[in-house]
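Asks: Here's a structure for you.
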Amino acid sequence: MHRFVKTRIIALAALLPAMVAAATLYAQQAAPDLILYNGKIITVDQRFRIEQAVAILGERIVGVGSNQEIAQLAGPSTKKIDLKGKSVLPGMIDNHMHLLRAAETWTNELRWDGVYSRKQAIEMLRARAKQAGAGQWVFNIGGWTHQQFTDDPRPFTREELDRIAPDNPVGLQESYYQVFLNSRAMQSFGIAPNQPDPADFVKGSIMRDASGNPTGVIKGDIAATRPFAARMPHIAPDQLEASATALVKDVNRAGLTSFGVAGCNTDVREIFQKWKEQGRLNVRAFCIGGAAAGTPDQVDKSLQQIAKMKLYQGDNYLDDVFFGESVYTPLHDPMFAVTSNPTPDQLTQWRRMAMAIAAAGLPLHVHAELHNTIDAFLDQIDAVNKEHPIKNLRWVLVHINQINPAQLERMKNLGMYAAVSPWAVINGGIMHEEFGDGAFDMPPFAAIQNSGILWGLGTDATAANQYLPFTTLYFAVTGKMAGGLKVIRQTISREDALIAHTRNNAFFIFQEDNLGAIQAGKLADLLVLDRDYLTVPADQIKDIKPVMTMVGGRIVYDAGAQTSQLAK
Ligand SMILES: [Zn+2]
């Protein structure tokens, strides 16, 4: 026998069991409920294959391939949708977002995510004031900065807000950086000339002019904005489900299907739980929570709670997956601090906590932003690792805009992972004011990508950042913040950015077997797009809109173009 032929036969023989298994699988299973064909299916699987068609049965994908291959799976009742060349992506996963907390104010807020015109923002404000009625608050809690306005990137003034909405208290929180109030808002807070500042505000955070008159600006990082956010009207309990519904609709429309959720508020979680039981929860939420401590005494109590903490009692819609996002709160970096100086005493407490978390075998997702903090945490983790190896525990540093290559190498050697929060998507202008040229490397995407560490994207929305995933991808690919200002220099390929928002993020929610790619066996969470992510000019990535969003084989958002067909 010719040597070449022999090799071929052996190779075929080796393949046979797999082929038989695949054939049996197809024979045994029912025909798919739905086939999407004639598309550009960007699978984001390990080989980053591009296919034409995908078959879905129940909540899972049962086939991905050419039009012909997938057509063969169809049965008499299989619905078919002609994608007419449209591209399809896996549902976007945000590895760190305060999704449940957002529901507590969502429909009360005037959101400016994706609004790049100051003129339009003002029109929205005026309309909202009219709709709300005299005396009612018009406000937002972050998610925007004035640098995102392309027509007129200026901060707001008290006088201007008085003119736009004379009959309403107005409070506009710019990220976690500053708040703009009008006169009625100041009145309602008791901020006035010749009056002491209200006690709950951080000393010096209420700006005053040379004569001591308050200007309407509250400024000074998260601590300064917190009293404002706390005073804003939260959604009434009987309206919370409606607010959560609107929020989920908005994120589905934007292309988001799964979240790592920093802090799962009980009231909203109960609503999600109910929806899940009714088969109508349209997002997947994986909670990051735990018993953070603020003092050495609290550490003593937390250590006992850590030992009893139980994760993974849920399912692929709702679960608890990480301890986080704070371990020892005095070491929780503020957003716009230039540097940090963790003390040995604080780090001792941090290490006691981390040691217990490792001893309990828990995964950790911990807030770390500033260079010195990252080094100090890694020193503690080195010590913890010697007693309780963390390699298989999935320990993650989150945010890490100031990380450098040496720190990435340390993390990799420890078997750690990187959840990157691109705060500069809206905060790029502020970060350049605060950090100077260093902001051009915050985050250092290329260094992170080249380090080989497993990493993913998480917005940290809805206060610290905007939540739209195609704006985040645009930022990672072009280095431009919302509105178009070039703010970072380390950009990455659109393929790498996409992987970081899908497949890699599945790992950060413990769903890598179920989510993150369009593959037979995985859950059918996917997006049909109005234009092709891979070929559209880079500046247009932010404008990409899903025309359809699917979660677990259910259509949860449908822009209309597909509706008529899908409804049939
Ligand atoms: Zn954080």
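The values are calculated or read from the model by the stated rules, or taken from the named source; none is laboratory data. Treat the numbers as computed from the prediction; the structure is a model and nothing was measured. Every residue, glycine as well, gets a Cβ built from its backbone with ideal geometry; the counts of neighbours run over all protein chains shown. Note: areas computed on protein heavy atoms with side chains; ligands, DNA, RNA excluded. Shrake-Rupley method; radii C 1.70, N 1.55, O 1.52, S 1.80 Å.
Asks: Which ones in region 417-453 are under 23 Å from Y176 (Cα atoms), of a type in the set (V, I, T) and not in a helix (DSSP H, G or I)?
Replies: Answer for region 417-453, where residues must be under 23 Å from Y176 (Cα atoms), of a type in the set (V, I, T) and not in a helix (DSSP H, G or I): just V420.
Asks: Can I ask one more? Being over 18 Å from Q147 (Cα atoms) and either open to solvent by less than 10 Å² (accessible area, probe 1.4 Å) or in contact with a strand residue (DSSP E or B) (Cβ under 6 Å, 6 or more places away or on another chain) (or both) is the filter; apply it to region 431-445 and report the residue that is nearest to the ligand (Cβ to nearest atom).
Replies: P443
Asks: Something else about it: How many residues are surrounded by 12 or more Cβ atoms within 10 Å (Cβ to Cβ), away from the ligand (no atom under 16 Å from the Cβ) and in a loop (DSSP other than H, G, I, E, B) when one looks only at region 295-337?
Replies: Selection size over region 295-337: 6.
Asks: Among the listed residues V396, V384, identify the single one that is at pLDDT 95 or above and either over 20 Å from L311 (Cβ atoms) or within 16 Å of the ligand (Cβ to nearest atom) (or both).
Replies: Result: V396 is the single residue among V396, V384 that is at pLDDT 95 or above and either over 20 Å from L311 (Cβ atoms) or within 16 Å of the ligand (Cβ to nearest atom) (or both).
Asks: Further question on the same structure: Which condition does G428 not pass, out of (1) of a type outside the set (V, I, T); (2) surrounded by 17 or more Cβ atoms within 10 Å (Cβ to Cβ); (3) within 22 Å of L378 (Cα to Cα), if it passes all the others?
Replies: (3)
Asks: Please list, ordered by residue number, the strands (runs of 3 or more DSSP E) wholly in region 477-565 having 3 or more residues that are closer than 24 Å to K84 by Cβ and aliphatic (A, V, I, L, M).
Replies: Result: 526-529, 546-551.
Asks: While we're on this one: Filter region 226-249 for residues that are assigned to a helix (DSSP H, G or I) and in contact with a strand residue (DSSP E or B) (Cβ under 9 Å, 6 or more places away or on another chain) and give the result.
Replies: Correct list: P227, F228, A229, R231, V248, K249.
Asks: Being more than 18 Å from T462 (Cα to Cα) and open to solvent by less than 40 Å² (accessible area, probe 1.4 Å) is the filter here, so list the residues in region 237-280 that pass it.
Replies: I271, F272, W275
Asks: Taking E369 as the residue in question, decide whether it is over 28 Å from M431 (Cα atoms) and in contact (Cβ under 8 Å) with a residue 12 or more places away in the chain.
Replies: Taking the combined requirement at face value, the residue does not satisfy it.
Asks: Out of the residues in region 456-480 meeting the condition of being hydrophobic (A, V, I, L, M, F, W, C) and either more than 18 Å from the chain's Cα centre (by Cα) or away from the ligand (no atom under 16 Å from the Cβ) (or both), tell me which one is surrounded by the fewest Cβ atoms within 10 Å (Cβ to Cβ).
Replies: Taking the candidates together, the pick is V477.
Asks: Same structure again: Quick check: is even one residue across region 414-425 more than 20 Å from the chain's Cα centre (by Cα) and not charged (D, E, K, R)?
Replies: Yes: one or more hits.
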